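The values are calculated or read from the model by the stated rules, or taken from the named source; none is laboratory data. These numbers come from a predicted model, not from an experiment. Every residue, glycine as well, gets a Cβ built from its backbone with ideal geometry; the counts of neighbours run over all protein chains shown.
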Amino acid sequence: MEEQAFFSEMQRLSMEMDTIIDKYNMRDRVLSVTVTGLIDHDIFGDTRIKAIYSYSLDSEEELNHVIDFINSTWEDVDGMREDEGPDFDDLLDGTGIELED
């Protein structure tokens, strides 16, 4: 029951986004890919994804641009994933503060 309520509310929010797109007359300019889901495992341990999704794309080329954008923003400017944390030596560079080895 909780999952069904979750997906119902997420669908409502998606419909609300569509209303805002139309309110500002942006339908012909909007580029959007939305996927919201839950990850489960079946009795064999295989991963299953239950998701709702919507696409607002005009072509496969636009889809590829979105995928490229996601890939480029997944990594920060130093090329490390966000969950790896900062390089403190780089952060302290030029401050005169040194980390002990």
Item to check | Flag for Asn71 being surrounded by 10 or more Cβ atoms within 10 Å (Cβ to Cβ) and either at pLDDT 80 or above or not β-branched (Val, Ile, Thr) (or both) | outcome: no
Item to check | Every residue from region 1-60 that is part of a strand (DSSP E or B) and aliphatic (A, V, I, L, M) | outcome: Val33, Val35, Leu38, Ile39, Ile49, Ala51, Ile52
Checklist entry - Can we say Val66 is at pLDDT below 90 and either more than 30 Å from Ala5 (Cβ to Cβ) or not in a strand (DSSP E or B) (or both)? => result no
Next on the checklist: Within region 16-63, take every residue that is within 21 Å of Phe6 (Cα to Cα) and among the charged types (D, E, K, R) and give me the one that is surrounded by the fewest Cβ atoms within 10 Å (Cβ to Cβ).
Outcome noted: Asp42
